[in-house]
Each structure stands twice: as structure tokens, then as C-alpha cells.
Amino acid sequence: MMAEISRPSLPSPASLGTDGVLPAKRPRLADSVTAASAGGGEWAEVISQLQPAIVALKVTTVRSFEEDPASTSQGTGFVVDQVRGLILTNRHITGVGPVRATATFDRHEELEIEVLYRDPVHDFGFFRYDPARLRLTRCAEIPLDPQGLRVGAEVRVIGNDAGEKLQILSGTIARIDRNVPEFNTIYNDENTFYAGAGAGTSGGSSGSPVLSKEGRAIALNAAGQEGAASAFFLPLDRVQYALGFLRTGLPVPRGTCLAAFLFKPFDELMRVGLHAGHELEVLTAVPDATGLLIVDSVLCEQEVLKAGDILLRLEDKVCTSFVELEQVLDSKVGGDARVRICRGGEEIDCEVQVRVLHDLIPRSFVELGLDTLHAIGYHAARRAHLPLDAGMYLAKVGYVFDSLGCGRSSLITYVGKVHTPTAEALVKALADIPHRQYFQVSWYELADFRRDRTMKTGFAKMSRAWFPLRLWRCRGGAMDGTPERWEAQDIAVPPPSPPVPAALAAPGGFQGGDPLVRRLSASLVTIRFRTDRRFCTEASPNGFSEGAGVLVDAERGLVLTDRHAVPQSLGDVEVTIAGAATVDAEVLFVHPLHNLAIIRCDPEAYRELRRAKVPLRAASLAKGARANLRPGEDVHFVGYDNQGNVFSNRVTVAACYLPSGRDEFPLWDVPRFRERNMDIVVLADTPEDALGGVLCDSSGTVRALFAAFDMQDSDRHESTEAYGIAANLFGPLVERVRQQPDVPLEVCSLDAELTAIDVATLAKGAHGQLPKAWLKAVGQRCGRLGQVARALRVHRLMPIGVSEGRLRSGDVLLSVGDQPITCCLDLEAALATWQAVGGASSASGTKRRPIRRPA
């Protein structure tokens, strides 16, 4: 939980001096910090002087970049130049993509800050703020002292440890020659020592200054070890080097030889080829040396150095530290550096090219919906051992590339036959692909790349209806010494292409197998629904669902399905018909109360299917008494399994009832559709692995839709169960759509949720007041279904609904519009009749009262 931050009020006129100027601000310790807790009077004086220079940072990463998701994080920074407003912190705090950030100063003043510089390799960066906007906080800065980092030095780490503003942790520098901490992440520091101490820092203290008793920063807190008190500090040699250029407004030169080095002691190097003469030569030049640098890894573009090479000399001088290595590389940017290495006991003199390190870090990205892609970059290329021009890194999977089936951190290498090494190349490849057009993509899954390096190929579906194809470029920053700014360029939308379906199979239909499968294969379809995650109103959080449906109008391409397959109208719907072709569809009707939806295939694409003689046949829906199912009845399930295969199975109806009490469909934590007021059909032997389908008789007449119901259990886990929906419920809706396809469907409702109650239980409390005619009707219907006599009772009322003030929880529903109510189907029929005779015009109930409460 973030601590509450209050903004101080402006000073009163009485607090101003005689000249109207605020008096000088006195140094003070942080709230609840005493001289004793700071570690003595000398530390208290140091902290009081430097406290105004330490700030709490809140950074919002507005776009996913590399492995950083779009999120908000906290950290610490400290002012290193109070005149220019420069704040030093960690690179993993500044982020590597576009960010919005604020700094909270000592007197709770909150200022917006902007990224000035991110180091391409080391874990440090700079923010900039406007010093003139500080009103209450005393101006202060912390000087840098890289040479003060020594073993045994007593230090204080002052920052926002665990998110708490201004915490003070003590420690003693234990070592200053530790190799970089290794993390299982894309980014990892390299070519530097780290210092170690038992300071016990945690989240929020990243970017804190490591202070000496002289009041100087000797290191930068960068990381800690979970489950231990170990803290890792970044030395400030390259920080001071970069700060010198930023103070003059110049870009910071940074060079690389495309190789990462580690420091190893002489004894360990002897085992990989170092000679005793080499050790003597080094000790003669550097008497206190204990080892040398060895190549740990190289990028694919490095053809001179190899892993295991020992660095003997650099520019004809013995090189034993990372500081010397980077000084040479940064001074040789764009040129060559002379090196002498020992490879397997053999000395080799060579020259290595020094490249501009900033050019190897992504500074642009492509945005298409929620998809974010940028160049693979130095760190991902090094970790995966791929060329720097291998492809585009998928930092966030969005609407378009999610249809491909690839995961986050995939590497998109080709779009069609076009290689995509840069953002500009990717935009060029995508620019001419029209809306709803499928295109081929080749990619690597970097998350599993060490085990599986196979290039994968699939098809993604372009979407331009909701968002443009956009290219973002970063200006300023490391390239010219000015604050970073991100500029967007929208790519023009190409003209749409005609929706011509591509046949996936010969349009002959199924020729063998089960007769019911052959008969209904031309009526059954599979449905795929997708929507942008930002627009999920009724859909699952991932915005994706699949299901089955049945063709109910072969002339217009109308398909009946459930709300699991089509949960809402806002989305992209595809229908695969007869296993032969896939066409786009639109949502025509989503039932507001029941698990039903009707979609319509794209008219032009559907006409093309009919011209191609694809077998299309509207299913025959049962009517009258056959439109209902009874317990013990044997029917046939015909539908799809989860692999898309059509199969049939003889099943038995176990029960038809309204889920009530502990069996009712549970409420969702978030507003989502939940089935109510409907008798479901439960099978005694539900087919396993069924995606969806229909329940029919031996002639193929559909008697129920076998639908998927989404629900949430008590542990908030989502699940899906399959039940039947009798044809007498959806049959009238389908008939209305067929007869009046251009008239929107209207559904009448009491705005009340009903539950079932045994009549025997009800009669105990009614004391003979229940109408005998109604009791007889209930008994006859339940007897036909083989059920105990049950009635409908009001369970919940919708606020501000039509029944509010008229019905109460616990009321028993006897009749609607003078029609006796014995089950949910009777209620549906009564409301439909009431609507047909004009009751819809008085839905509030003022003209016609459709409900009768027992006396």
C-alpha cells in the first residue's frame, strides 16, 4: 500500500520576512529519525544536510517495453546537480521505454520529472526536474565520490525502503570486486564490479545513495538478495563520467566490443590456459592485482573475440579492471581497439571494432492495438544469442498477434516473406494489409528458446477498426543530451478487401460415418469470438472464447449459439461453416436474460459460399410437445469436440429443473452475465470433451441446444459447465427473427430472479390459501416431467426494476396476465403473450398488472 502524501499549504503572510521572502529553511531530520537512530551525532548531521536531496520516485511505464510491463513502480533517487535539476537513480527505475514520473521531495512537494539519460548497460539513469518550481524544500545535492568506495567503509543507505518514505539502513562495505549479480531476466548489467554489504535493502530502496561519513555518495544501491541481508551497490565511475557530459548538455559517448567480461582470479585462469609468465607480467605492472578479465559471452556479430578469451592487454597496456576497459571503449567509439588475448594458452594480438552502444538499444516501437513490438536490442540478443537484426521483440501481446497464438517475448522475424529487423521494416510490411485480412507470420518463442529454437509459422488477423498502426520514435535522451520525448506517426489505413472466404475443404460434406453426423454436419458451425481486452464488458478477461452453434436460417446465414461463444456484441466473430470455410459474422442479438445469442454471417461472403455449393442446411427445430424434454428420455448429442471434430453420442436426460438454492448459478465478483429463470436440461452421461452442439431425436430434429454456461465458484475460479436449453425457449425467438429480420428483438421481463420451492413445503405455510386450480396445474405438469411439484418464488428483485414496490422477496408467482405459472417456460410464454397484445407499452405496470400475489 502506498503511503499517503499530503501537499503542504502555501506559507501565510505572517511567516514571510520583512522583505516578503521566505526565511532560510533550517536543516532537519526526517520525521521519527533521531540522532541515535541515525547512528550517532556525526551521522545525524550528515543526514540532516543531505536529506532534502533525496527524493521518492513514482514511475509509470505507459507502454510495455522489453520485459517491463505497463505498470507503476516506486523507487528512490537523489539530486546530484541542484542547479540543472539532475536526479540519479537506477536504470530499472527510469525504465527503458516511455514513462511518466514524479518526484516527491523532502517537504512533500511533488514535481513532474522527465528522463534525461538511461545508460545502455549499467544500472543507472538520470531524471531532470525544474529547480525553480520548488517552493518549500531546501536546495541540496549529494556529491559523487567513486574513490571513496573501500572495503570496511561504514555507510548509510537512505531511501524509500519497502515503499516507506526516507528509511535509513546501515552497513559496512564487505567487498568491492564482486561480479555483477545474475538475474533470470533479459536485462543484466555487465562489465563492471559491484560492491557488497549486509544492508538488508528491499523494494523501494532502489536508486538510494550509499553515503559515507563525509556526506558523499560512494555507490548506488541497485539490488538485494531475497532471503538474506545482502545488498549490491553499483560503483559510480561511469556515473561520474556520464554526469560530466550531461552537465555540459552533450551526448554521452558509450562504446562496446559486443562482449561481456567477468573478473576471475589467477588460479582459476590458470585452468583455462593462463601461463605463469602472464601472471608475472601483470603483477609487475599492477602489484596488487589478483586476477584478469575473461570473456564470458559475445554477441553473434562479434567475430574476433570468443567466450573464454583472457584479456592480457588493451591498447598495449595491462588491463585488470572494468574501469580501464570501459575508459578505452568509450574513447574509441566508432574505431578499433588493439587487444592481446590468451586463448587456450596461445597469445593472439588482434583489433576489435568498437560500436556505438546507444545504437544497439531500442529507441522506437510499433503499436497496433495492444500489441507492442520493438527491435530485439542488445540485451535480448545477447541472452538469446541471436543477431541484432534478428527481428522484432513482442513486448506485449495484443489483439492482432494474440490471434497468431504466440506469447509475450516472442521474436517476430518475418511478415509474409518480408524480413522485419527494424520498426520501420515491420511497419512497411504491415502497412498494406487491409482490415480483417489474414497474413503469415514467422516467429521464435524466446521464453522457451534455450530448449526449443524452432522457428514457428502461423497466421494473424489484421484489425484496424479500433486502432491505427502507429510508429513511435524517441527523440533526445542519450543521443543529444536533452530530455527524452516520444513522437507518434500514424500509418494510413489501406482500402478494405472484399470478404471472399477461402475454402478449407472440398464442399462435399461428410460422406461416411454416423447418419446423424452426415445429416447435421451442414447445420453445425464452430464460432470464434475475440475482442480487445479494454472493451471486455461481458466477455472473459482475455477477450477470447470459442464455441459451437447451429444454422437456423440457410437463406440469411443466421446462427444460434450461446453466450459463452458470443458473450457480447462488441467484438470480432468468425464462423466456420460445415468444416469447409470461415467467414466473418456480426452479432445480431444477445439475450439479456438467457444463455442465447444469434449471429449473422457476412452477407457477401455467405453468398460466395452458396455459389460455391458449400453444403448449407438450416436445422429443423422441434415444435409443440417435442420442443420439451423429460427426464429419462433418450436423445442424441451431435456436436464438436475440442479438436473441431463432429461426433454423436446417445445420451439420457437426467433432469429438467430451475437451479435453486445451493444449485443456483453463483454470483460473479464483477458484473457479468449469469443465467437465471430458466429450466436447464441435465444429462446423465454428458459427453466428454464436448465444445458444444445440439440434442436431437433420431431424425435429426433439434430438441435442445447443448450450451456452455460460464460461472465462478466460491474460490473465484472460473469454470464452464454444459447443459441443454430446450427448443421451446429459443424456438419463438428464432421464428421472430426469421419473419422480421430487420426488427430488433425485444424481451419482456419482471426484473426479478425466481427460485423453485416444493409445493408441499409451501402449503405448510399457506394454510390452505393456495388456489386449487393452480395446485392442480402444477401437479399435472410436474407429474408429466417426473418431478416433485414445485412453484416459483421471488428470490431477488432488480433495483429500480418494474417489479420494485410491487413484488417482494418470498412472493409466490401464481399467474401472469391471468395465465397460471407452473414453470419458467409458462412465464416466458405469458410475458410474450402479454407483449403481443400491447402490454409492452405499459411495461411499468400502470395499465396492465401481469402479476397476481396470493391472498
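Quick note: the coordinates plus some simple rules give every number you see, no bench work behind them. Nothing here was measured: the structure is a model prediction, and the numbers come from that model. Positions of Cβ are backbone-derived with ideal geometry, glycine not excepted, and every protein chain shown enters the neighbour counts.
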- May I ask for the distance between the Cα centers of the stretch 263-334 and the stretch 69-115, given as a whole number of Å? 36
- Dimensions in Å of the stretch 426-579 - Rg and Dmax from alpha carbons: 21.3, 76
- Mean separation of Cα contacts under 8 Å (at least 6 apart) over the residue count of the chain, i.e. the relative contact order in percent, is 6
- So what is the calculated 222 nm ellipticity per residue for the chain, using -39500 (n - 2.57) for each DSSP H run with n of 4 or more, over all residues, to the nearest 500 deg cm²/dmol? -4500 deg cm²/dmol
- Message: I want to check the label-to-label distance for W466 and E804. Put each point 7 Å from Cα in the C-beta direction and report it in nm to one decimal.
- Response: 3.1
- Distance from the Cα centre of the stretch 582-616 to that of the stretch 403-476, in angstrom? 29
- Task: Please give the length that would be gained between S620 and Q82 if that part of the chain were fully extended, namely 0.36 nm times their separation in residues minus their C-alpha to C-alpha distance (nm, one decimal).
- Result: 185.6 nm
- Gain in span if fully extended, K213 to D389, counting 0.36 nm per residue against the direct Cα distance: 58.5 nm
- Item | Stretchable slack from R796 to Q437, in nm (0.36 nm times residue separation minus alpha-carbon distance) | 124.6 nm
- Query: Between Q739 and V418, what FRET efficiency follows from the Cβ-Cβ distance if R0 is 45 Å, with the result rounded to 0.05?
  - Reply: 0.35
- Task: Please work out the Kirkwood hydrodynamic radius for the stretch 519-558, using every pair of different C-alpha atoms, and report it in angstroms with one decimal place.
- Result: 11.8
- Using all Cα-Cα distances in the stretch 98-158, what percent lands in each 10 angstrom bin from 0 up to the longest? 16, 37, 34, 13, 0
- Query: When the Karplus curve 6.51 cos²θ - 1.76 cosθ + 1.60 is applied with θ = phi - 60°, which whole-Hz ³J(HN,Hα) does each residue of the stretch 821-827 get, with x for Gly and Pro?
  - Reply: 10, 10, 7, 5, 5, 4, 5
- Query: By a straight-distance test (C-alpha under 24 Å), which lysines pair with K772 as possible cross-link partners, with residues fewer than eight away in the same chain excluded?
  - Reply: K764
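Using the Cβ atoms and a cut-off under 15 Å, what net charge is assigned to the surroundings of A423, where Lys and Arg are +1 and Asp and Glu are -1? Before the final figure, lay out each step's value.
Numbers: positive: R63, R363, K396, K428, R470, R473, R475; negative: E66, D359, E367, D371, D389, E424, E487, D490.
Overall, the nearby charge balance is -1.
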- Task: Run the quick spin-label model on R100 and A760: label points 7 Å from Cα toward the beta carbon, then report their separation in nm to one decimal.
- Result: 6.5
- Query: Expressed as a rounded percentage, what relative contact order does the stretch 330-485 have, with Cα pairs under 8 Å and six or more residues apart?
  - Reply: 20
- What distance in nm separates the simple spin-label points at T60 and T686, each placed 7 Å from Cα in the Cβ direction? 4.3
- Can you figure out the FRET efficiency of D452 with A307, using R₀ = 30 Å and their beta-carbon distance, to the nearest 0.05? 0.85
- Neighbourhood net charge (10 Å Cβ-Cβ; Lys/Arg +1, Asp/Glu -1) for P494: 0
- For the stretch 546-554, just list the computed ³J(HN,Hα) in residue order, Karplus coefficients 6.51, -1.76 and 1.60, θ = phi - 60°, integers in Hz, with x standing in for Gly and Pro. 9, x, 10, x, 10, 6, 10, 8, 6
- So which lysines can K306 reach, going by Cα to Cα under 24 Å and dropping same-chain residues fewer than 8 places off? K264, K317, K332
- Scattering profile of the stretch 635-723 from the Debye formula, Cα beads only, expressed as log10 I(q)/I(0) at q = 0.25 Å⁻¹, is -1.28
- Task: May I ask you to list the lysines whose Cα is less than 25 Å away from that of K461, ignoring any residue fewer than eight positions away on the same chain?
- Result: K396, K417, K428
- Item | Pairwise FRET efficiency - T172 versus T248, Cβ, R0 = 41 Å, nearest 0.05 | 0.70
- Message: What does the charge count around G344 come to, taking other residues whose C-beta lies under 13 Å from its C-beta (Lys +1, Arg +1, Asp -1, Glu -1)?
- Response: 0
- In the list (i) 63, 32, 24; (ii) 56, 30, 25; (iii) 68, 36, 24, the entry giving semi-axes √(5λ) of the Cα gyration tensor in Å computed from the coordinates is (iii)
- Compute from the Cα atoms of the stretch 703-779 the Rg and the Dmax, the latter being the longest Cα-Cα distance, and quote both in angstrom. 18.8, 51
- Relative compactness, the stretch 566-670, computed as alpha-carbon Rg over 2.2 N^0.38 Å: 1.37
